[in-house]
Amino acid sequence: MKAIRRFTVRTVLPESIAPLARLAGNLRWSWHRPTQQLFEQLDPKAWAEVGQDPVALLGSFTRERLRELAANQQVVTRVRELDADLEQYLTEDRWYQTLGADAPASIAYFSPEYGITHVLPQYSGGLGILAGDHLKAASDLGVPLVGVGLLYAAGYFKQSLSRDAWQQETYPVLDPDGLPLTLLREADGQPAQVTLPLPNGRRLGAFIWRADVGRVPLLLLDSNIPGNDEAARGITDRLYGGGGDHRLQQELLLGMGGVKALRVHQRLTGAPAPEVFHTNEGHAGFLGVERIQELAAAGLSWDEALAAGRANTVFTTHTPVPAGIDRFDKAQIQHFFSAGLAPDVPTAKILELGDENYDGGDPSKFNMAVMGLRLAQRANGVAKLHGVVSRGMFSGLWPGFDQQEVPIGSVTNGVHVPTWVDPRVAEFARSAFGNQTVIDRQWERVYDAADEDIWALRRTLRTNLIDDVRRRLRASWKKRGAADAELAWTDSVLDPDVLTIGFARRVPTYKRLTLMLRDPARLKALLLHPERPVQLVIAGKSHPADEQGKRMIQDLVRFTDDPEVRHRIVFLPNYDIAMARTLFPGCDVWLNNPLRPLEACGTSGMKAAINGGLNLSVLDGWWDEMFDGGNGWAIPTANPSTDAGTDDVFDPDERDDIEAAALYDLVENHVAPRFYAAEISEGAGAAGPSDPVGTDKVPHQWIAMIKHTLANLGPAVSAERMLQDYVEQLYRPASTSGQAARADDFAAAKELAAWTSRVRNAWGDVSVEHVDSMGITDEPQIGESLTVNAYVRLGPLAPDSVIVQVVHGQVTENDDLAQTSTDDLTVAEQLGDGRYLFTGPVTIDRSGSFGYSVRVLPKHASLANQAELGLVANASN
Ligand SMILES: *Cc1c(COP(=O)(O)O)cnc(C)c1O
């Protein structure tokens, strides 16, 4: 019989163990081993049955069981200790508190998805996991972040396979009352609400749920509430569900509703107003429109509100794949804003924000990434290479500037170490280096560990993975319709002493899940190699609408189904956080073979690295900057350009052939021989790290690579490093700009807006009329200097509104300047009629071809970057 109503009864805990509610409610438990252990010890069997979910565990206890626990002195003591520990964690000064009073009091972070723990499945892949790690690292460092997102009724889908290996999707519906969330309520007990008007007199209301991620509150908007019509209730039904209007309404709710939710949170809790707004990917971009609306309602003009809003907004772009960027029809935007979403600002202005008014742009489209860039004074990509690629990709917004000047920087992603380090690795560090060792700050101590111990630890992790693989594989085959009697073979798949290579990620085409299948015979030979076999563990979800991705999964699974190889290669359905935490540590080698440069950063390889896995990867994303020759292997790229698609030397098929062959060669001739070195050279020499050919069955060179990886990559890939970069490079400068813009009733924002409009209007009159130079000898030498005179026309602008600049550097074959530096000239003479002579010295700082040019740029103290306004007047010949 089906229930016609359902509700969740909250557990009432006896007084002596009441703090368990807070320990379960604050998600710090998800990266705090002692708290997890407490829950496990309360009832190991129930803990396993509820899937390691503290709220569900407490809910599963009968009243008698709770009374027993409450009477158990040991339990009571431990609960109190851990509660006191949490209290200290939540209140003590941490890194951020050493920064001084000018550090922003609150930073709002908006993301469409959050991957924090398996009990709150609100993520689809890397973007969400990164957002989760961002919040956790902020908490650990004491950064006063507040997260904003949506609460999806079904999260992302669960993946299983049909008999013929076709991806099946299910969307289990979550019950918010059973999740570690609290509903924000008004003083009278009513749920707090935000509301957006919709066309045709409809409305979209949302409740605000709060998750506590350590010290960081995360506000999640939920449209499945009484008072909404059916369609409005469905807006937050699933992550990236639907397209078109559904998607647009999700993003309006996230951005505009998100700012409203922050204001409600401030009002109800006394939390400080955010001084910085961080837009994590374009999906949340409407937050900037809501802030402009707030300022316009307070009397600022569009230009003034835009200047003030931009000053403290940070935009992070996450993908160089155009299909990954949201674009709507302008007509859709017009339609929704006509309902009065932003009553004090002209819709035409909003439409301009997302306008693709550059070469190759579509005038009918509204581009969310473009809006993100226009609404943020500071922007970044997520790895150095991705910064380069993004500057190229969006250079159309800054015509007249060289790509390297496009104002998009980069902060390389990181991973939250306490979440992603296997408990056995953490325990190893604790016992090898003493109780006080915080794993993520003492990485170099790994050099003190004995090779044998590390090798034994690696085997333990591999074995642990294999146990999990066998369990999952059997379950998957049962779902695919196999009977138990047919499945005995699954109990012996994979071998704890065989080199284990992992590959798991979402399955968009550019990640090339099936590159390894390019030459099936070659792959088979690697798997079945008589002395140096490899085994592969593979996982990944395809977007439900991506048939090509599903076909790739099918091709791969069919290969793994072959009885000849199925003990050496497995595909595990339903890649998620829970699987990942066993998979990364268990693999000796983490494989990544995207089409360079389409992987913005990638983080799974980082998670492997902090557990002693070695990376085998195309030089894309983070690996491009962190591969150093000793921490893994680089799969060569057939097309080394960063400009995918345009200067390709090889067509995609040839390219896959070349790169797959390189991959097989690396595995066969470099990776496997090193892994099996100890076996081969047995008896050849004395044991010990100084002698790589040991007799102790330990591959010392392999272990040396592990130690090098941990010592060097550990600190570099940690999310704490990432957070500190964001704070120093983006949050603090943005907060300073924002404060300056707001001071004295927005005096600076108003002045900047007026100045910008004046400069834009006058810019057509600005030009470099003539340039000459003096002091150059017939055979110029390095170190000599010349005097450059530039005669410029500024029209109505005063000379202090501009920079007149010499750009000099190497001259390429087609007369482009490369490796440039700049020297500013000073005004020497007013020539009348809006014309000026600017002059100054330039030192020749290189041998070989040297050239220069002159340009005029707008200058204002409130600009964060010379290219910011996209205005430049370059000298022509
Ligand atoms: C880390 C992680 C990802 C992202 O990995 P990429 O290397 O960026 O593809 C996706 N899903 C899960 C479950 C993860 O843990």
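Structure values in brief
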quantity: Some residue of the range 314-326 being more than 20 Å from the chain's Cα centre (by Cα), buried (at least 21 other Cβ atoms within 10 Å of the Cβ) and under 29 Å from G409 (Cα atoms); calculated: no
quantity: Single unsatisfied condition, L591 versus (1) surrounded by 24 or more Cβ atoms within 10 Å (Cβ to Cβ); (2) more than 16 Å from the ligand (Cβ to nearest atom); calculated: (2)
quantity: Number of the exception - T490 against (1) touching a residue at least 40 places away in the same chain (Cβ under 8 Å); (2) crowded, with 21+ Cβ neighbours inside 10 Å; calculated: (1)
quantity: Search result, residues across the range 118-152 that are within 12 Å of the ligand (Cβ to nearest atom) and more than 17 Å from the chain's Cα centre (by Cα); calculated: H118
quantity: Residue match in the range 555-573 (condition: in a loop (DSSP other than H, G, I, E, B) and within 15 Å of the ligand (Cβ to nearest atom)); calculated: yes
quantity: Residue match in the range 844-861 (condition: part of a loop (DSSP other than H, G, I, E, B) and without any contact (Cβ under 8 Å) to a residue 24 or more places away in the chain); calculated: yes
quantity: Meets criteria (β-branched (V, I, T), away from the ligand (no atom under 15 Å from the Cβ) and in contact (Cβ under 8 Å) with a residue 24 or more places away in the chain) for I577; calculated: no
quantity: Residue within the range 845-861 that is closer than 14 Å to V768 by Cβ and either of a type in the set (D, E, K, R) or assigned by TED's automatic domain parsing to the domain that holds N312 (or both) present; calculated: yes
quantity: Residues that are more than 26 Å from V216 (Cβ to Cβ) and of a type in the set (G, A, S), drawn from the range 155-188; calculated: S160, S162, A165
quantity: Residue match in the range 5-21 (condition: part of a helix (DSSP H, G or I) and either of a type in the set (K, R) or closer than 23 Å to L174 by Cβ (or both)); calculated: yes
quantity: Residue in the range 618-631 that is farthest from K511 (Cα to Cα), counting only those that are within 14 Å of the ligand (Cβ to nearest atom) and not charged (D, E, K, R); calculated: M626
quantity: Filter result for A748 (out of contact with any strand residue (DSSP E or B) (no Cβ under 8 Å at 6 or more places or on another chain), in contact (Cβ under 8 Å) with a residue 24 or more places away in the chain and over 30 Å from V415 (Cα atoms)); calculated: yes
quantity: So R758, is it surrounded by fewer than 19 Cβ atoms within 10 Å (Cβ to Cβ) and out of contact with any Leu (no Cβ under 8 Å at 6 or more places or on another chain); calculated: no
quantity: Residues satisfying the stated conditions in the range 493-545, i.e. within 17 Å of R558 (Cα to Cα), within 13 Å of the ligand (Cβ to nearest atom), among the charged types (D, E, K, R) and outside any loop (DSSP other than H, G, I, E, B); calculated: none
quantity: Hits in the range 172-226 - residues which are surrounded by 13 or more Cβ atoms within 10 Å (Cβ to Cβ), among the small types (G, A, S) and farther than 13 Å from L150 by Cα; calculated: G178, A192, G214
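The values are calculated or read from the model by the stated rules, or taken from the named source; none is laboratory data. Values in this document were obtained by computation on a predicted structure and should not be read as measured data. FYI the Cβ positions are ideal-geometry reconstructions off the backbone, even for glycines, and counts take in every protein chain you see.
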